[in-house]
Structure formats: structure tokens, C-alpha cells
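Some notes on the structure that comes next.
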Amino acid sequence: RTQSTVANQRHSSLSQEPNVASAEDIVVMSFRIPKEHNSKDFLKHLYLRTQDNLEDASQNNELNAKLQACKQISSKSMLHAESDCTQRVYHYLLPLWWLPNGGEVEQWWLNTTFCDMDHFNNTTVASYHTAAWGIQKFKEVLEKAKSKTIPNRRDRRKALQPVSGGSAKKTADQKLSRKNYSVSQNGRSGAFANKEKRPWHNFADPSLRGHASPNQEPVWRIVDAVEIAGFTATKYDEVMAILEFRGDDFVRGQIRSIVGSAVAMVHGWLPLNLFDIATKTDSFLETPMAPSGNLYLADVRFHFQERKYNEGMFEVYGEDGSDSTVTEKNTSNIIEKKIEWVQDQLMDNRRSADERAKEKEWLEDLQHSIVPRIKSQILSLKAPTLVNCVKITNVPKKYKHTLQLLRNISVTGQWPKTSVARSNVIRNSNIRDSNDKITGGSFTVFNPQMLEPITNGNIKQLPLGNVQFPELTKAVFELEKALSLQETRRQASLDGSLTDACSQELRPSSLCCAINCNAQFKPHVDSGRGAGQTLSMIVGLGDYAGGEIMVEGIAHDIQYYPLEFDGWSSRHWT
């Protein structure tokens, strides 16, 4: 059995938030139909029996769900509800009074005998109500969350053709090159294939931590569309804007964080380019998350399946058990009815006075507590706050030999070129001197004692770093052993804060060590698992200022001051 919203074959960060309602979720099951049953009759029997069970569960308050449709497909199609889904559509019910002057628009809406979404969705919105500018501005803010369309080959060629009059355009418009866009999406066809991916790590549920790192592919998502799809009113005289999000997939918490950020942006509390700032690989920011309980899955699409069979996904059975083929017309009616049903369920859970009090408190906290923190974090991206502001020139004895070897490699221009994979998480991957010699970057050496059983002394099987710098390799792991013998060692917890009790246990030897010189790392998590250690150790050598390591946004001075942390679970950078 596979289900479109359950992340069994996808990364855990793509799992749907708990307590999110659904207007349409797809489940694909494989089973054998008994020989004595006609497949169509059995399908109808399955539908009616399942619907009865769901109604019983609903009456017992165990589950509030309905089976909307079912369809038998060929076993040869191998449809997978999770991995074959090409687009997921979510709706968020946003109370109008959250927006600037939204309360006035809400009262106007409730007092107007005829209203439809065109009152808010066309360019003459101000002519209907002077306060409706806030909704129009909110639409413009939501647009900024959409993925850009990457120029296709035709657009790039057209940009290079001569303009009318014979004068040729500039040689090559670099902005039109696909190389200038972060990552394009594979596995989608048509217009979807030309959408740009962006890393939404800062908009993920904070509890994901390292599972939502910008150096991991799952957080790179495409947002096909963000728009106001309509409006609806609750029985408590509260008007809700229906926000529609379409994308290839969404990181857990992403939609609510986009909504919370957009609310802050439309009020002018946060900069209008927040989405651009927070979707850079080298940024680590808090983003406001809108209240839960208003989000639901509206639709899931299987474009390849729909195109292959040129029809809708389901056969639908009415209350009398009669079957009918889904046409474009009645498909629309079915979708509209099930969305209305889910909206009614969500809005029935709202109690006007209680909900407004909680949400008003959230808005006040957003303005006066959350936004100032985010503004401070944005400023720190431009000018990081230094914890270590004093150069240490008196080198502790245990570090002297290793430091001298490292300085010789850098000064003589022997520093190896940083690998392509490592360069992806470094802002300045290869530092060069005036003679274009590499004097800094990052490379790896492996523990010779652990490699000996594998290589049997064959130098050809040794990693390049070990071959080039055998003396440094030996010194590095001897230094680790000396540091592990210290009476206490500092440790950072998963959230980046120092633990109350420092480790007094002997640290097991590491399999490898990354050696960096003046390399500024972007937020990332480590790959692999070393030799089974649960913690990485980092220490800084040299007479520098700054150079702290950030673990989940908390700065730690490491100059001759070792720190252990979980580099596989906690996002970290320098």
C-alpha cells in the first residue's frame, strides 16, 4: 500500500505535518480479486464496504473521513501514490483580519449582499473598498514565493538574435544561462520542467534541524504557484482567504512558515526580499510559522498517469452504488464538494472569541518578539558577531608541531585543491596568493592505523592527502589522541547549546579529519558516519580573530578550545 502524503520512500523532512486535514489523499493498494467475483462488482463492493466502515468510525469519534472515489487500474501500470505524484496542492485558511485593514474589509464583505473573489483579484480592487489594498499587496508578497521559470533553449536563442534595425544584441546574456539558476527539476515534463528549485531549509519545522540542511536535496523544492484561490465565511462571521500552494513537494512546516513570513512582510515588519534572503544556501534564519489548524491537502496530481490514459483518475460511485465515469464537469463538482466539506470541518473547530484571542496574541508576538530576532539575524548575515576577537600568539605546546606543518604547506603553496563535493558547502573553496598558488581551502586525511588493515601497506591505495602529507597526517591524529585524554571536553547538544556536563570519557579515534584553512563553510550537515562516532571534534589553530563555529545558530570559540558536536544531525558552519 502506498499513500501520496506518507513519506516512506521520500526523505522524512517531506512528511506531512500532524493534524493536517485532507480533501483528497490517494491510496494505492495491490490485492488479488477472488476468481468468483467480477472485478467491477468487487470494486463497487469494496467502495460501499469501506464507506460503511468509515461512517462507523466517524460516529465513534475514531476517524472523520470519507472515501470519495475508487478505481481499478492495471497491475502493469505500477502506480505508486507517493513517488509518482507530480504535484501536491495545499490550502491555508487565512483570516482577513490578520492583514492590514483586513478587519474593515471583513466587515464590508459581511455587509455586502453580493461578493465574489473578483472583488479582490482584479486590478481595480481599490474601487470596491479603500481598505482592500492590503489584500492586493498580500497577493504581491505571495507571488515572491513562487519559483522562477528557467529560460528554455528557444528563449536563450531569441535573446541572442539581432534586434530590428540590424544591430546585434550583446554577445551572451549570462542571466539567461541555465547555469545561473540553482537547480532545475528532473522528472517533470512540460512547463514544470523549467521551474527553479530553491532551498527552503529556513522555512522547515525547527525540530527537523539537520534533516533540513541546505546541502541536502530534499529541502530544494519547487513552488509552482501561490495565490488567493477564493474567500469563505465561517458561521462566526469571520471571513477567510483561501491561500493555494502548488508544488512538487513541501518540506514539513514550509507552507505555514511562508504564510507567517508573508503576513509579517505585508505589514512592513520584515523586508520584502525575505524569501530571496532566506532561500540562499549560506543563510540561517528563523522564520515565523503561522498557527496550525488551518491547513489542509486540497489535491494531488499524477500528470504522467493522466496524460497516458487521457482521463481523470477515478470512477465514482453514488449513494445508490451506481457507477459513472468521471468527466471534466462532474470531476469539478466532486472536487468542489469535498473541499467545502473539509473547510466546514476546520471552521467548525473555530470558536470566534477563543481563536481570535490566540491569533491576536500570535500577531503581537510576531511583531514584538519574533520579527526583532529575525531582523537581528539578517544583520548578522552581513556583519557576523565575533565571539573570538583577540588573537592568541602564545601557542599551547601540544598544538605547535601540527600548526608548524600546516603553515609550511600553506606558505609553500602546496595546499591541495578542494574537492568538488566539498566546494558545494564552502563560500571560498580555493584561496590563492598573488602567484595564483592555492594557500587555503579544505582537504581530508585518514587515520593510518585504521587504513592499515585495508591497504596492507600498499601506498597506491592510500588517499591523496595521506600520500602528500604523511607527517601531517600522523601529527593530526596524535593531536586528537592528546585532546581526547583531557579531563573534560566541551560538548554542544543538538540545538547548539553547551551541555551542562562536559564529557570525561575517552574519545574513540576518528577515521578521518577534514583540514581547513581560511575556509568559510555554509550551513550544512556532514555525510557518512566515520568509524562509528556519534560526535565530531573541531579545534582551531593559529593567530587569527573570529573563526567561530556556529552550531544551530549558536557561536562557539574553538581557538585552541576543542568542541564536540553531532555534525550529522546539527547544522553547522564557520
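What is the spin-label model distance, in nm, from Trp133 to Arg307 if the labels are put 7 Å beyond Cα along the C-beta direction?
Computed distance between label sites Trp133 and Arg307 equals 4.4 nm.
For the ranges 260-266, 243-249, 434-440, what's the packing order if you count other beta-carbon atoms within 10 Å of each residue, average per peptide, and put the highest first? Please list the in-between numbers first.
Working: 260-266: 24.1, 243-249: 21.3, 434-440: 12.9.
Sorting 260-266, 243-249, 434-440 by mean packing, highest first, produces 260-266, 243-249, 434-440.
Can you give me the % of accessible surface on the range 1-68 that is carbon or sulfur? Probe 1.4 Å, all protein chains present, nothing else counted. Write out the running numbers ahead of the final one.
Values: 2100 of 4810 Å².
Reported share for carbon and sulfur atoms: 44 percent.
May I ask which of Lys195/Lys280; Lys44/Lys66; Lys144/Lys195; Lys308/Lys337; Lys44/Lys337 have a Cα-Cα span longer than 25 Å here? Walk me through the numbers on the way to the answer.
Details: Lys195/Lys280 17 Å; Lys44/Lys66 15 Å; Lys144/Lys195 14 Å; Lys308/Lys337 27 Å; Lys44/Lys337 21 Å.
As for pairs spanning more than 25 Å Cα to Cα, those are Lys308/Lys337.
Once phi is turned into ³J(HN,Hα) by the Karplus curve 6.51 cos²θ - 1.76 cosθ + 1.60 with θ = phi - 60°, what whole-Hz value does each residue of the range 208-219 show in order, with x for glycine and proline?
With the stated coefficients, the range 208-219 comes to 5, 6, x, 6, 10, 9, x, 8, 10, 4, x, 7 Hz.
What is the gain in length, in nm to one decimal, between Met450 and Ser376 on full extension, counting 0.36 nm per residue of separation less the C-alpha to C-alpha distance?
On the way: separation 74, 0.36 × 74 = 26.64 nm, distance 4.53 nm.
22.1 nm is the gain from fully extending Met450 to Ser376.
Would you mind computing, in nm to one decimal, how far apart the modelled labels at Asn273 and Ala193 are, each placed 7 Å from Cα along Cα→Cβ?
Taking the two extended label points, one gets 3.3 nm.
Rank-order 22-33, 553-564 by packing density, defined as the average count of other C-beta atoms within 10 Å over each peptide's residues, highest first.
On the way: 22-33: 14.8, 553-564: 18.4.
Answer by packing, highest mean first, reads 553-564, 22-33.
Collect residues whose amide H, placed 1.01 Å from N in the peptide plane, falls under 5 Å from the amide H of Arg490; neighbours closer than 5 in sequence don't count.
Glu564
Under a Cβ-only charge scheme (Lys and Arg +1, Asp and Glu -1), can you give me the dipole magnitude of the range 1-61 about the Cα centre, in debye to the nearest 20? Let's see the in-between values first.
On the way: 7 positive and 8 negative charges, 80 e Å.
Value, rounded to 20: 380 debye.
Take Gln72 and Leu483, extend 7 Å from each Cα along the Cα→Cβ direction, and tell me the distance between the two endpoints in nm.
6.6 nm
The values are calculated or read from the model by the stated rules, or taken from the named source; none is laboratory data. Nothing here was measured: the structure is a model prediction, and the numbers come from that model. Every residue, glycine as well, gets a Cβ built from its backbone with ideal geometry; the counts of neighbours run over all protein chains shown. Only protein heavy atoms, including side chains, enter the accessible area calculation; ligands, DNA and RNA are left aside. Shrake-Rupley method; radii C 1.70, N 1.55, O 1.52, S 1.80 Å.
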